[in-house]
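Down below is the structure, laid out as structure tokens.
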Amino acid sequence: MKIRCPWANDNKLLTDYHDKEWGVPIHDDRLLFEFHILEGAQAGLSWNLILQRRDSYREAFDNFQIDKVAAYSEEKIEELGGSNPGIIRNRLKIRSTITNAIAVQDIQEEYGSFDSYILVFVDHQTI
């Protein structure tokens, strides 16, 4: 029998996330960026709600391709905030996605990858 955190027993979506993704090391910059953005979208909301909308987020944000998201225009921000019920349409959260994509590009330039930056940062922390 698999040992599972109590929060993951509420529904299949949370159970699948817990069993297949939660706590699994990630070294792919696109996926790291995806989780970073989804965690920001989750602020003040439930993780279950964000997981329910995950596919819509992938579609709306070009599968979290960092360079594409970093190049989004004001028109794209308005489009996402106005007519996409599949994502959280808070304009500040949408805008932060673009700002974070630009920051990840800067990190990639300096450290070679977002993953390398995270590993360096974690290595310097006392846990």
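The values are calculated or read from the model by the stated rules, or taken from the named source; none is laboratory data. As the structure is a computational prediction, the values presented were derived from the model and not from experiment. Here the Cβ is made from the backbone with ideal geometry for all residues, glycine too, and neighbour counts use every protein chain on show.
Miscellaneous remarks
- Total residues in the range 55-71 satisfying the condition of being part of a helix (DSSP H, G or I) and either over 11 Å from residue 87 (Cβ atoms) or in contact with a helix residue (DSSP H, G or I) (Cβ under 7 Å, 6 or more places away or on another chain) (or both): the figure is 11.
- First in the range 86-107 and closer than 14 Å to residue 62 by Cβ, second anywhere and of a type in the set (A, V, I, L, M, F, W, C) and exposed (fewer than 15 other Cβ atoms within 10 Å of the Cβ), Cβ under 9 Å, 6 or more apart: 98/71; 101/71
- Condition met for residue 60 (closer than 26 Å to residue 109 by Cα, out of contact with any Asp or Glu (no Cβ under 7 Å at 6 or more places or on another chain) and among the aliphatic types (A, V, I, L, M)): yes
- Verdict on residue 108 being more than 16 Å from the chain's Cα centre (by Cα), modelled with pLDDT of 95 or more and either surrounded by fewer than 12 Cβ atoms within 10 Å (Cβ to Cβ) or outside any loop (DSSP other than H, G, I, E, B) (or both): yes
- Residue-level analysis places residue 2 among those that are assigned to a loop (DSSP other than H, G, I, E, B) and touching a helix residue (DSSP H, G or I) at 6+ places or on another chain (Cβ under 7 Å).
- Test: residue in the range 19-30 that is part of a helix (DSSP H, G or I), in contact with a Leu (Cβ under 9 Å, 6 or more places away or on another chain) and either farther than 15 Å from residue 93 by Cα or at pLDDT 95 or above (or both): no
- Taking the conditions (1) aliphatic (A, V, I, L, M); (2) touching a Phe, Trp or Tyr at 6+ places or on another chain (Cβ under 6 Å); (3) farther than 21 Å from residue 28 by Cα in turn, residue 104 satisfies each one other than (3).
- Unmet requirement for residue 74, which otherwise passes all of (1) surrounded by 11 or more Cβ atoms within 10 Å (Cβ to Cβ); (2) over 30 Å from residue 3 (Cβ atoms): (1)
- Of the residues making up the range 5-18, those that are of a type in the set (S, T, N, Q) and either at pLDDT below 95 or assigned to a loop (DSSP other than H, G, I, E, B) (or both) number 2.
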